[in-house]
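Enquirer: Dumping the structure here so I can ask a few things about it.
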Amino acid sequence: MDLTFDPSQGERFKGGTQRIKNLSEHWLSREMYCPSCGAGSLRRYGNNKPVADCYCDKCQADFELKSHRQMFGASVVDGAYATMIERLSSSRNPHLFLLHYSPALHAVVNLMVVPKYFFVPDMIMKRPPLAATARRAGWVGCRILAGDNTGGRKDISGPQRYRENQNGCAQRMAANSLPP
């Protein structure tokens with residue numbers, strides 16, 4: 001597993017947020033296997049797919065990716081509250097990847113997955129609406145409650161852990177511990 005980002009994937013972006021979004025999604029699709037079925041890679045969705053960044057061709061599992069340059073704390077800022085609740089309440093709710101990266105190394109430091117049966121509406125905290133003076137006045141965002149008390153968080157990063165997890169996918173699928 002190559003933990004470094006491909007810098008060419010971020011060249012066309014000026015803003016840091018869009019750059020890291022593209023770098024991390026590209027890395028995930030290039031280096032990560034499907035934790036649901038063990039397929040060797042994931043595919044990226046096009047831009048602006050609500051609450052889904054990648055998917056597995058084999059089992060059709062969806063994955064939401066959140067990337068941050070620091071270790072994840074108790075919550076993760078996300079997008080629109082109503083969209084998130086609708087998606088997590090649907091029959092196609094995604095699994096959640098939490099990717100911690102190093103800006104200095106342009107590399108992944110840690111990667112965790114929260115299976116979709118733990119990534120549920122109860123993990124979402126509604127944020128106050130934006131002020132009347134804001135450009136998007138009244139818009140309501142959310143936070144994903146992803147603290148250490150998230151029982152489903154599983155660390156899957158690092159080359160040795162990666163091989164162990166990929167090799168164990170067939171056994172987990174048989175036990176139905178991470179459904180598509």
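Please treat every number below as a calculation from the coordinates, not as lab data. What you are looking at is a predicted structure, and each value in this text was computed from that prediction instead of being measured. Because the Cβ atoms are built from the backbone with ideal geometry, glycine has one as well, and the counts that use them run over all protein chains shown.
Enquirer: Report, as a whole number in µm² per second, the diffusion coefficient that Stokes-Einstein gives for region 1-73 at 10 °C and 1.306 mPa s using the Kirkwood radius over alpha carbon pairs.
Expert: 123 µm²/s
Enquirer: What distance in nm separates the simple spin-label points at ARG12 and THR133, each placed 7 Å from Cα in the Cβ direction?
Expert: 3.8 nm
Enquirer: Quick check on region 23-111: what does the Kirkwood estimate of hydrodynamic radius come out to from the alpha carbon pairs, in Å?
Expert: Radius from the Kirkwood sum: 13.7 Å.
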